[in-house]
Amino acid sequence: MAGRRGPGPVGRAVTAFLVAASLAVVCVGEAPPPRACALARGELTVDDLPAGSSVLDCAAVGRVVTHEGAGVAVPEPGTTVSVDALTADGAGHDFTLRVAADGTVSYAYEAEPARAAAAVAGARADAPAPCADGAYSTEGRKEYGTYEWFIGDGPLPGRLSHAEGRRAFEDAIATITTSRNDCGFDDRVAAKARFLSGTGNEAGIDRAARCTRRDGLSVWDAGDIGGEAVATTCSWSRPVPNGPEELLEADVRFNTHDFPFTNRPSGACTHAYDIRSVATHEAGHVFGLGHSGPGHENLTMYADSFACSTGARTLGKGDVLGLRSLY
């Protein structure tokens, strides 16, 4: 008995047509896959762009994201941006936004209870003496090479000339790179810095003390950064395998719109901030130190340098230990 024969050429053609037609019916009218997210216009909050979101899918690069008054512009993938503010009440406004190489966003910021505690702290007489206080925090980044910096060409705090400003800022930065202190600790910090020149570029910090842009130059200048921050540092960095992130740029701005500054506090001083003390604190942020927090008001890295005080011109024990942990 002969075997059963399959469909001939005509049959196969009909079958192929019917299969194709059925697939076409399935696909007709299907919309393209939706975007992962769609952001509203204007400033964003961490709730608008939650941790785990993709800045690429959300087209968020360059957009400003805020949290509790602090804000940063979203950087390109593989970059971290941090804002650290020195305030008149010690309530640090610190905010970090990290974008992984694949575009995934994550955040780090000071917890609200800690900030509330800082706002009512500030009793320096009750805090440990600077050479007895070993508290410190770090930002997870460092300068692996030489921090090269510029001075903006606008007015400087305390009406300093640009030559005077350079000397004041260089002295403050050297306090960090040499771990200058009155506690007897020797210098074991391998950090380096070099002043390059004046520049027409400005620090990438806007009038609300937000980190807005990175232009490749680390600039120290002065201007209006809102009514809360005495000075602000904005830092950009990138990941390093098995180590702190590598600093790419760090800009510093003094708030000369809302606060007076002096280079020589005297007995007649009532509310002006010492330029070198503030600059030393900001230089600490540049080289990776975080705020020391409530109860540590006598350390340089406490979130308030205190008006008319020169105490932050030299480092305390915790400030030195923090630098040693990084360098």
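Can you name every residue in segment 261-271 that is under 13 Å from LEU160 (Cβ atoms), touching a residue at least 40 places away in the same chain (Cβ under 8 Å) and in a loop (DSSP other than H, G, I, E, B)? Across segment 261-271, the qualifying residue is only ASN263. Can you work out which of the residues in segment 216-228 that are closer than 21 Å to GLU43 by Cβ and either among the charged types (D, E, K, R) or modelled with pLDDT of 95 or more (or both) is surrounded by the most Cβ atoms within 10 Å (Cβ to Cβ)? Here the residue is ILE225. Out of the residues in segment 191-207 that are within 21 Å of GLY158 (Cα to Cα) and among the hydrophobic types (A, V, I, L, M, F, W, C), which is surrounded by the fewest Cβ atoms within 10 Å (Cβ to Cβ)? Across segment 191-207, the extreme among qualifying residues is PHE195. With the checklist (1) part of a loop (DSSP other than H, G, I, E, B); (2) surrounded by fewer than 20 Cβ atoms within 10 Å (Cβ to Cβ); (3) at pLDDT below 95 in hand, flag the one item PRO113 doesn't pass. For PRO113, the exception is condition (1). Suppose the filter is at pLDDT below 60 and of a type in the set (Asp, Glu); does GLU43 pass it? Spelling it out, it is not the case that GLU43 is at pLDDT below 60 and of a type in the set (Asp, Glu). Counting only residues that are touching a residue at least 60 places away in the same chain (Cβ under 8 Å) and either more than 22 Å from LEU247 (Cβ to Cβ) or not in a loop (DSSP other than H, G, I, E, B) (or both), segment 51-76 holds 7 of them.
One line per residue, one yes/no per condition, for (1) among the aliphatic types (A, V, I, L, M); (2) at pLDDT 50 or above:
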position	(1), (2)
MET1	yes, no
ARG4	no, no
ALA13	yes, no
ALA36	yes, yes
PRO50	no, yes
ASP57	no, yes
ALA70	yes, yes
GLY78	no, yes
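Inside segment 40-54, residues that are of a type outside the set (S, T, N, Q), over 19 Å from the mean Cα position of the chain (by Cα) and surrounded by 13 or more Cβ atoms within 10 Å (Cβ to Cβ) make up a count of 1. Residue pairs whose Cβ atoms lie under 9 Å apart, sitting 6 or more positions apart in sequence or on different chains, and linking a residue in segment 213-226 that is of a type in the set (A, V, I, L, M) to a partner that is outside any strand (DSSP E or B) and surrounded by fewer than 18 Cβ atoms within 10 Å (Cβ to Cβ), are LEU217/ASN201; VAL219/ASN201; ALA222/GLY154; ALA222/PRO155; ALA222/HIS257; ILE225/ARG207; ILE225/HIS257; ILE225/ASP258. No other residue among ALA283, ALA250 is among the aliphatic types (A, V, I, L, M) and outside any strand (DSSP E or B) apart from ALA283.
Of all residues in segment 308-327, those satisfying the criterion of being over 18 Å from PHE169 (Cα atoms) and either of a type in the set (Gly, Ala, Ser) or part of a loop (DSSP other than H, G, I, E, B) (or both) are GLY316, GLY318, GLY322, SER325, TYR327.
Count of segment 136-165 residues, restricted to those that are crowded, with 20+ Cβ neighbours inside 10 Å and part of a helix (DSSP H, G or I), is 3.
Is there a residue in segment 296-305 that is among the aliphatic types (A, V, I, L, M), at pLDDT below 95 and assigned to a loop (DSSP other than H, G, I, E, B)? Within segment 296-305, one or more residues are among the aliphatic types (A, V, I, L, M), at pLDDT below 95 and assigned to a loop (DSSP other than H, G, I, E, B). Entry remark, segment 211-247: residues being of a type in the set (Gly, Ala, Ser), farther than 15 Å from LEU86 by Cα and not in a loop (DSSP other than H, G, I, E, B) number 3 in total.
For every residue, the table says whether it meets (1) crowded, with 22+ Cβ neighbours inside 10 Å; (2) touching a Pro at 6+ places or on another chain (Cβ under 7 Å); (3) polar (S, T, N, Q).
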{"residue": "THR232", "(1), (2), (3)": "yes, no, yes"}
{"residue": "GLU246", "(1), (2), (3)": "no, no, no"}
{"residue": "VAL252", "(1), (2), (3)": "yes, no, no"}
{"residue": "GLY267", "(1), (2), (3)": "no, no, no"}
{"residue": "ASP274", "(1), (2), (3)": "yes, yes, no"}
{"residue": "ALA279", "(1), (2), (3)": "yes, no, no"}
{"residue": "ALA283", "(1), (2), (3)": "yes, no, no"}
{"residue": "GLU297", "(1), (2), (3)": "yes, no, no"}
{"residue": "ARG313", "(1), (2), (3)": "no, no, no"}
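For segment 172-183, filtering for residues that are touching a helix residue (DSSP H, G or I) at 6+ places or on another chain (Cβ under 8 Å) and in a loop (DSSP other than H, G, I, E, B) leaves 4.
The values are calculated or read from the model by the stated rules, or taken from the named source; none is laboratory data. Here the structure is a predicted model, which means the values were calculated and not measured. Note: ideal-geometry Cβ built from the backbone for every residue, glycine included; neighbour counts use all protein chains shown.
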